[in-house]
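Below is one structure, written out as structure tokens, with a few remarks after it.
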Amino acid sequence: MSEALLKDSYGRAIRDLRVSVTDRCNFRCFYCLPHGSPEETAPKAALLTYEEIERAVEVFASLGVEKVRITGGEPMLRRDIETLVAKLARVEGVKDLALTTNGFNLAERAAGLKAAGLDRVTVSLDSLRRAAFTEMTGVDMLSRVLEGIRAAQRVGLNPVKVNAVVVRGHNEGEVADFAAFAREHAVDVRFIEYMPLDSGHGWSRERVVSGAEIRQAINERFPMVSKRVERGSETATRYRFADGAPGEIGIIAPVTEPFCGACSRVRLTADGQIRTCLFSKVEHSLRDVLRSGANPAETADYIRSVVLKKEPRHYINETHFEQPARTMSLIGG
Ligand code: SAM
Ligand code: SF4
């Protein structure tokens, strides 16, 4: 590991960059971008071009960022995303290039992504039942997404991770079924607590299914043991199955078990704004810097100065908490 060159004012090293490539999406997950959400898509000229994203990632990598995740919105809606994957796969210092997708066209595109140099893929999948999947995502695409997961495994985008946001009243009864799915298909299922980042403002504490509840539901059917891995800055606590079955479980509990103290992430929005926290109230325009003709050293100075402003933690659990203006699909999850 190279010496951390990018540190915030609390001593946290920044190793992990999430790059959103579009704020548009073809799904309408109710916890993110529900039906009827205002269309706040940025004008095309405001979006970073692939060349600009490449330049930005080169500078981040020169500062010690090793993990890059392409996200959105739905990143597969951006034209020729494979071109960007190929550019980022070549950036010196990037050791892990991943992409998060809703999986709608992964079955056809998985092989091309792998060939372009993508290391891993994460697919969002909130229900294994067609009716509940359609209700949660607003689209009737469960079988396509399942095909996409299989295709990703076949072409070697492994370990394939599956993200499931657990929301009370919707899919909390499926937690153990997802564990069975992880075992049967040898995938890593990551359960995510519902966060107040939905544009419909439907979040409430009562609807959050806690990491503890999730753990218990799985343990009752499939006993798990904690994986002895250095958690470091990982968002998930990771488990394997006690009986040695394949697959892995991760629990991401930002609401009930915050991990801000070990956070190593910054985000770049599709319109080129650096966000130092999912819950940031301010953004910093890297786009303006890139378009002002700044050279790599000047861009690096700017990024360093922004990272020093990274918030100590989120305030979801405090009475004065206010949801940020931009929501998950606009920030890049
Ligand atoms: N469209 C892609 C997808 O769904 O995988 C990538 C972007 S999406 C914003 C990234 C991740 O954020 C998804 O796994 C999604 O489930 C998660 N997410 C969105 N809104 C959330 C919320 N309110 N709380 C927790 N996770 C959320
Ligand atoms: Fe789209 Fe992903 Fe948000 Fe669902 S979670 S609405 S697929 S951006």
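Data for the structure
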| read-out | value |
| --- | --- |
| Amide proton proximity set for Arg275, modelled H, under 5 Å, gap of 5+ | Arg267, Leu268, Thr269 |
| Loop-located trypsin sites (Lys or Arg not before Pro) in the stretch 224-295, at most 12 other Cβ atoms within 10 Å (DSSP) | Arg228, Lys281 |
| Projected label distance in nm at Glu184 and Ser285, using a 7 Å step from Cα toward the beta-carbon | 5.1 |
| Interchain or long-range residues, amide H under 5 Å from Asp23's placed H | Ala42 |
| 222 nm mean residue ellipticity, helices alone, for the chain (DSSP H n ≥ 4; -39,500 (n - 2.57); rounded to 500) | -8500 deg cm²/dmol |
| Nearest-0.05 FRET efficiency for Asn26 and Glu172, computed from C-beta distance (R0 45 Å) | 0.95 |
| Exposure rank, largest accessible area first [Asp16, Asp96; 1.4 Å] | Asp96, Asp16 |
| Full-stretch length increase - His35, Cys260 - with 0.36 nm per residue and alpha-carbon distance subtracted | 77.9 nm |
| Ala325 paired with Arg154, simple spin-label distance in nm, labels 7 Å along Cα-to-beta-carbon | 4.6 |
| Kirkwood Rh and Cα Rg combined as Rg over Rh, evaluated for the chain | 0.94 |
| No Cys partner within the rule (Cβ under 4.7 Å), the chain | Cys25, Cys260, Cys263, Cys277 |
| Top of Gly272, Gly103, Gly200 by mean-square fluctuation, Gaussian network on the chain, Cα under 10 Å | Gly200 |
| Over the stretch 10-102: Rg over Rh, Cα atoms, Kirkwood Rh | 1.01 |
| Potential lengthening between Arg90 and Ala131 on full extension [0.36 nm per residue; Cα-Cα distance subtracted] | 10.6 nm |
| Highest to lowest packing among 302-312, 118-128, scored as the average C-beta count within 10 Å | 118-128, 302-312 |
| Most to least accessible of Lys44, Lys161, Lys95 (protein chains only, probe 1.4 Å) | Lys44, Lys95, Lys161 |
| Zone residues, the stretch 146-190, relative to Ala111, backbone N less than 18 Å from point 7 Å out along Cα-to-Cβ | 147-158 |
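The values are calculated or read from the model by the stated rules, or taken from the named source; none is laboratory data. Please read these numbers as outputs of a predicted model, since none were measured by experiment. Glycine gets a Cβ as well: all are built from the backbone with ideal geometry, and neighbour counts include every protein chain shown. Ligands, DNA and RNA are stripped out before the accessible areas are found, and what is left, the full protein with its side chains, is counted by its heavy atoms. Shrake-Rupley method; radii C 1.70, N 1.55, O 1.52, S 1.80 Å.
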